[in-house]
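Everything on this sheet refers to the single structure shown next.
FYI, it's all coordinate maths here, none of it is from the lab. This is a predicted model, so every value here is computed, not measured. No Cβ is skipped: glycine too gets one built from the backbone with ideal geometry, and neighbour counts run over all protein chains shown.
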Amino acid sequence: MSRSALAALAESSIALIAEHQHASGAYPACPDYPVYRYSWFRDGAFIADAMSRAGRPDSAAAFFGWCAGVIEARATRIAELVDRAGRGEPVTDPELLPTRYTLDGADDHDPWWNFQLDGYGTWLWALGEHLARHDAPSSGYRDAVSSTVDYLVAFGRRPCFDWWEENADQVHTSTLAAVAAGLRAAAALVGDDPERAARAHTTAAAIEDLIARHGVHDGHLTKWLDGTDVDGSLLACVSSFGTVAPGSPVAERTYDEIRRRLLAHGVYRYRGDTFYGGGEWLILTAWLGWYERLTGRDDDAVARLEWIADQATPDGRLPEQASATAQDPSFIPMWTQRWGPVATPLLWSHAMFVTLAVETKVWSPS
């Protein structure tokens with residue numbers, strides 16, 4: 001595919017994201033897939049990060065403002081939870097903050113795999129990146145950042161559902177990496193509160209030490225602590241979150257293991273995945289390409305971009321996953337009957353395509 005065609009898809013992806021951004025600032029995960037017509041902090045933060053990189057800071061700021069409003073509306077609830085935890089009282093998972101909200105910022109009361117921590121770290125990380133990138137003031141976010149720091153310091157190392165809303169009994173390496181990256185970013189944003197900034201730094205350092213001691217096996221990062229498997233979400237640890245430095249021995253070993261175990265043409269989430277047959281995920285393929293770009297494998301990075309573009313529908317909409325080489329196609333009819341075809345367009349897929357297009361310099365904001 002020509003670079004001009006890739007650039008055109010990047011531009012149409014930015015337009016599609018902007019078109020579907022809610023007036024509140026929230027990004028729906030997918031406007032045409034019933035159970036994804038909500039906003040996740042995780043997905044939205046990566047979408048906002050892409051828009052910020054692509055020269056659309058107003059779109060990113062609107063999302064971060066929505067996040068701040070969601071947190072501020074629950075500040076009393078967060079303070080009570082943190083206080084109870086500090087007194088050693090039990091706090092159950094259903095009492096903690098959910099992973100997704102309605103587009104106007106209300107709690108979603110439909111059944112869902114709700115207790116996930118990565119999104120709250122990711123929004124802080126993406127906010128910090130955005131503010132630094134555009135030299136924007138942080139004062140309007142201070143209260144929400146402070147509440148999020150308190151929440152993550154209290155609960156950030158707790159077992160929860162992973163990115164894929166599975167394995168709630170484990171502590172996941174990519175979740176810990178998001179929390180640590182968010183706390184490090186937040187410490188700089190609450191610099192006028194040295195006590196809270198110190199708690200953020202100390203907790204981030206403790207989490208990074210936890211990953212180094214229990215999140216590495218045979219030289220590579222693992223899906224969860226004290227495990228042995230790899231997961232596609234670990235690519236964010238070596239590209240976005242700075243858990244390990246790109247090109248370092250652990251990063252390289254993780255890259256090699258993910259390619260060996262999870263790469264077909266695109267990247268699988270994990271071996272044994274049966275969601276829509278366990279296909280290749282566009283966001284993860286973009287992260288693989290991003291790491292390749294960071295480590296000087298430029299031709300490989302552009303090849304990932306081309307593969308993602310090849311999955312687009314004729315009208316340029318990118319799906320969540322590609323099913324042509326699904327691990328177990330017998331599961332595709334079951335999920336299709338339950339929720340319909342694979343989510344398309346997935347705004348996160350478009351966002352990661354834009355991020356990789358910017359990183360590879362196939363497209364840049366004018």
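Relative contact order of segment 129-228, please, whole-number percent, based on alpha carbon pairs below 8 angstrom and at least 6 residues apart.
25 percent
With springs only between Cα atoms under 10 Å, which of ASP104, ASP162, ASP315 fluctuates most in a Gaussian network model of the chain?
Looking only at ASP104, ASP162, ASP315, the biggest GNM fluctuation is shown by ASP315.
Which ordering of VAL82, VAL149, VAL190 is given by a fewest-first count of other beta-carbon atoms within 10 Å? Each step should come with its number before you reach the end.
Values: VAL82 19, VAL149 26, VAL190 22.
The most exposed by this proxy come first: VAL82, VAL190, VAL149.
Indicate the gyration tensor shape class of the chain (rounded, prolate or oblate), computed on the Cα atoms with a ≥ b ≥ c the square roots of the eigenvalues: a/c under 1.5 is rounded; otherwise a/b larger than b/c is prolate and the rest oblate. Let's see the in-between values first.
Numbers: a/c = 1.37, a/b = 1.28, b/c = 1.07.
Cα axes put the chain in the rounded bin.
How far is helix 75-86 tilted off the main Cα axis of the chain, in degrees rounded to 10, range 0 to 90?
Result, in degrees: 70.
Modelled label-to-label distance, THR92 and ARG37, 7 Å Cα→beta-carbon offset: nm?
Label at THR92, label at ARG37, 3.0 nm between them.
For the residue pair ALA188 and ARG158, what label-to-label distance in nm results when each label sits 7 Å from Cα along the Cα-to-beta-carbon direction?
Roughly 2.9 nm, to one decimal.
In the Gaussian network model of the chain, springs joining C-alpha atoms below 10 Å, which of HIS172, HIS220, HIS134 carries the largest mean-square fluctuation?
Comparing HIS172, HIS220, HIS134 in the GNM, the peak value goes to HIS134.
Report, in degrees rounded to the nearest 10, the 0 to 90 angle that the Cα long axis of helix 142-155 makes with the longest principal axis of the chain.
90 degrees
What does the charge count near SER12 come to, summing +1 for each Lys or Arg and -1 for each Asp or Glu among other residues with Cβ under 11 Å from its Cβ?
That sum, taken over residues with Cβ under 11 Å, equals -2.
Between GLY88, GLY69, GLY289, where does the largest GNM mean-square fluctuation fall for the chain, given springs only between Cα atoms within less than 10 Å?
GLY88
Within a 10 angstrom radius of the beta carbon, how do THR295, THR228, THR325, THR99 rank from fewest other beta carbons to most?
THR228, THR325, THR295, THR99
I'd like to know which of SER138, ALA8, VAL342 lies farthest towards the positive end of the charge dipole of the chain, counting +1 on Cβ of Lys and Arg and -1 on Cβ of Asp and Glu.
It is ALA8, whose Cα lies furthest towards the positive end.
On C-alpha positions alone, give me the angle between the axis of helix 57-72 and the longest principal axis of the chain, in degrees, nearest 10.
Helix 57-72 sits at roughly 40 degrees to that axis.
When the dipole is taken about the Cα centre of segment 3-359, and only Lys, Arg (+1) and Asp, Glu (-1) are charged at their Cβ, what size is it in debye, to the nearest 20?
Magnitude of the dipole: close to 240 debye.
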